[in-house]
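FYI, it's all coordinate maths here, none of it is from the lab. Predicted, not measured: the structure shown is a model, and the values here were computed from it. Here the Cβ positions follow ideal geometry from the backbone for every residue, glycine too, while neighbour counts run over all protein chains shown.
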Amino acid sequence: MSKQDLLLEIGLEEMPARFLNDSMVQLGEKLTGWLKEKNITHGEVKLFNTPRRLAVFVKDVAEKQDDIKEEAKGPAKKIALDADGNWTKAAIGFSKGQGADVKDLYIKEVKGTEYVFVQKFQAGQETKSLLPELSGLVTSLHFPKNMRWGNEDLRYIRPIKWIVALYGQDVIPFSITNVESGRTTQGHRFLGHEVSIELPSAYEEQLKEQHVIADPNARKQMIQSQLEAMAAENNWSIPVDEDLLDEVNHLVEYPTALYGSFESEFLSIPEEVLVTTMKEHQRYFPVKDKNGELLPHFITVRNGNSHAIENVARGNEKVLRARLSDASFFYKEDQKLNIDANVKKLENIVFHEELGSLADKVRRVTSIAEKLAGRLQADEDTLKHVKRAAEISKFDLVTHMIYEFPELQGIMGEKYARMLGEDEAVAAAVNEHYMPRSAGGETPSTFTGAVVAMADKLDTIVSFFSIGVIPTGSQDPYGLRRQASGIVAILLDRNWGISFEELFTFVQTDKENELLDFFTQRLKYVLNAEQIRHDVIDAVLESSELEPYSALHKAQVLEQKLGAPGFKETAEALGRVISISKKGVRGDIQPDLFENEYEAKLFDAYQTAKQNLQENFSKKDYEAALASLAALKEPIDAYFDHTMVIADNETLKANRLAQMVSLADEIKSFANMNALIVK
């Protein structure tokens, strides 16, 4: 079967850099998915993007769909044939439905029953006749943000300016928003011109001639090589932030790196301010010496060649100089501030219209932090540090610097607090109470910082739950999932032994059940990230007094034991107790009502296990805790062999069920064994 290459390019107005990669991948997945659905074989797939285009090249696309041959199963023989051996209406209808004749039907046995079958054949269509369907594929792309233009109804990431659709040498004909598909694409906006693509395989090279590097990986490699060459030439160290590199890569079609300088006196500004100004506001790479000290230089990447690059460097220097002058002014002005005066200003800043001011939030956080520190038996000095850190935790939000650079909240607060004479633990906590700042981010390194971080996040979550703002689906405008994940991360890191239920006692809420479900889902996410089996996760999350540190380590112990000899029988015995306990109620066990020795032996084993579990849990020895439960297997088996729990005598029945409930409570303090899948 002959083959042809396929090219699909969507030309657009400049797209936001942050959407480029996902949009390119989506286009590739949709196109390959379409080819698979249509049963069209193909070879290598290569994806392209620039700020003005999304494109897919597919090598060796078959010129015709594969023919389909398959066997279709019909009614049973006894239904398909009448008493005289003639085909019934059911058989005739089946054959017509498959596009066949009754003479094509045959009988075949499946699992002891005979059925009617027929061989189906569907000839493949020419690929060329199907390709105009790609117009629907293009319009089906979805983006985080869309727009409409002119009188068009289509909502898209940016207006479509041109479409290249080629199958071999031929144009695939279709139209979208009055833009006809063709073979003409656009080169670099300033350095190139439009070009006619004769063959899909020539696409990348022809665009390169027009100063467009369409392959994002090749473009990224160009930037990295230029940065490395510049660093080697000047004996610099250039810390490359991958996110910044990706963003810059998606801002240009033809990258050329250049460097500029700024006045050395600006180095007196905190490094975080300088780096933030360069990276976040200007998309520049900062420059350091071999000792890691910041230098008065920066690197930027131009969308173009090296022509008149000195003028470009001077223009960038001028822009950065203005930015740094503002930052220097803000920094000097902020040094005049008074922390307590700033805290009072929080009264005038609304946190949320239904939740009061930032000052109200700070008071709630302070109350929670004090209770939490007390629960953790902090000494008097530490309690004072926690209280002070919570009280001033948001003071930097009313500084000039944070107004201009909100990304530096907490970071500048720590610097200002230290500068103005606050205790080191307090100053550090002002920054650390925002930690972890992202999923998998660093947790607070100090006790004070960890306590205030927990209090701040807990208040945010509980407060929004109290007014009915609860994350649903992908909607989480206040980042409550991230806040809950932060609390879980701190509890895992600190091993404070605080369960979710206990955590809710530090706040006033009537949403305990909703909060427990919410935090449980966050813990489940963490356990999934640890590659723990789903059934093990479910078993542990159904244990009583859910607490992150113990949940993780119980899960790890369970996963290690799953394949061990005899564990299946142990889990089944423990699970049997949990199952039958559901028929009873919690109550006192009366040993004088025992009718056989096996009841007494199980009761003794239960008391021993209960004591051992308490000791094991207090020592965080979860392997020993599971061993304490495993020791119950034999007395449980013997008990069920000789004891009828659901006795006719109601008194005996109630006592035996009470024994099952008490024993199940101890088992479930580790995990719900019935959730495990053991073989």
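Numerical summary
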{"read-out": "Rough spin-label spacing in nm, given labels placed 7 Å along Cα→Cβ, for ASN596 and LYS318", "value": "9.7 nm"}
{"read-out": "Within-13-Å neighbourhood charge of SER445 [Cβ basis; K, R +1; D, E -1]", "value": "-4"}
{"read-out": "In nm, spacing of pseudo-spin labels at ILE107 and ASN305 (7 Å Cα→C-beta vector)", "value": "8.1 nm"}
{"read-out": "Formal net charge of residues neighbouring GLY410 (Cβ-Cβ distance under 12 Å; K, R +1; D, E -1)", "value": "-3"}
{"read-out": "Anchor LYS511: aspartates and glutamates whose Cα lies under 12 Å away (excluding residues fewer than 8 positions away in-chain)", "value": "GLU501"}
{"read-out": "For HIS297, distant residues with modelled amide H under 5 Å away", "value": "PHE262, VAL287"}
{"read-out": "Ellipsoid equivalent to segment 478-619 - semi-axes via the Cα gyration tensor, in Å", "value": "32, 20, 14"}
{"read-out": "Helical mean residue ellipticity (222 nm; -39500 (n - 2.57) per DSSP H run of 4+; nearest 500) of the chain", "value": "-15000 deg cm²/dmol"}
{"read-out": "Cα Rg, Dmax (largest Cα-Cα span) when computed across segment 216-334, Å", "value": "14.1, 46"}
{"read-out": "At least 30 Å along the helix axis (C-alpha) and Kyte average at least -0.5, DSSP helices within the chain", "value": "17-37"}
{"read-out": "Violating pairs (Cα-Cα greater than 24 angstrom) within the set LYS344/LYS457; LYS279/LYS457; LYS290/LYS332; LYS554/LYS633; LYS561/LYS601", "value": "LYS279/LYS457; LYS290/LYS332; LYS561/LYS601"}
{"read-out": "Translational diffusion of segment 376-453, µm² s⁻¹ [Kirkwood Rh, Cα pairs; Stokes-Einstein; 25 °C; 0.890 mPa s]", "value": "197 µm²/s"}
{"read-out": "Distant-in-sequence amide H partners of ASP5 (H built 1.01 Å from N, under 5 Å)", "value": "ASP60, VAL61, GLY168"}
{"read-out": "Residue-count net charge about PRO296 - beta-carbon cut-off 13 Å; Lys, Arg +1, Asp, Glu -1", "value": "-4"}
{"read-out": "Pairs of Cα atoms farther than 22 Å apart, segment 553-675, %", "value": "31 percent"}
{"read-out": "Karplus (6.51, -1.76, 1.60) ³J(HN,Hα), θ = phi - 60°, over segment 173-178, in Hz, Gly and Pro reported as x", "value": "x, 6, 9, 9, 6, 6"}
{"read-out": "Compactness index (Cα Rg / 2.2 N^0.38 Å), segment 340-529", "value": "0.98"}
{"read-out": "Cα Rg over Rh - the chain, Kirkwood", "value": "1.08"}
{"read-out": "Per-residue ³J(HN,Hα) for segment 75-84, Karplus 6.51 cos²θ - 1.76 cosθ + 1.60, θ = phi - 60°, Hz, x for Gly and Pro", "value": "x, 5, 4, 5, 8, 7, 10, 8, 5, 8"}
{"read-out": "Gyration tensor verdict on segment 309-414 (Cα atoms; rounded if a/c is under 1.5, prolate if a/b is larger than b/c, oblate otherwise)", "value": "prolate"}
{"read-out": "Segment 60-74 - phi-based ³J(HN,Hα) in whole Hz, Karplus 6.51/-1.76/1.60, Gly and Pro as x", "value": "6, 7, 4, 7, 8, 4, 5, 5, 10, 10, 8, 9, 9, 8, x"}
{"read-out": "Per residue, the convex hull volume that the Cα atoms of segment 205-276 enclose (Å³)", "value": "108 Å³"}
{"read-out": "For the chain, with +1 on Lys and Arg beta carbons and -1 on Asp and Glu, the positive-most of ILE411, ILE160, VAL248 along the dipole", "value": "ILE160"}
{"read-out": "Virtual spin-label span in nm between SER438 and GLU242, 7 Å along Cα→Cβ", "value": "1.0 nm"}
{"read-out": "Amide hydrogen neighbours beyond the local backbone of GLY182, cut-off 5 Å, H modeled", "value": "ILE163, VAL164, ALA165"}
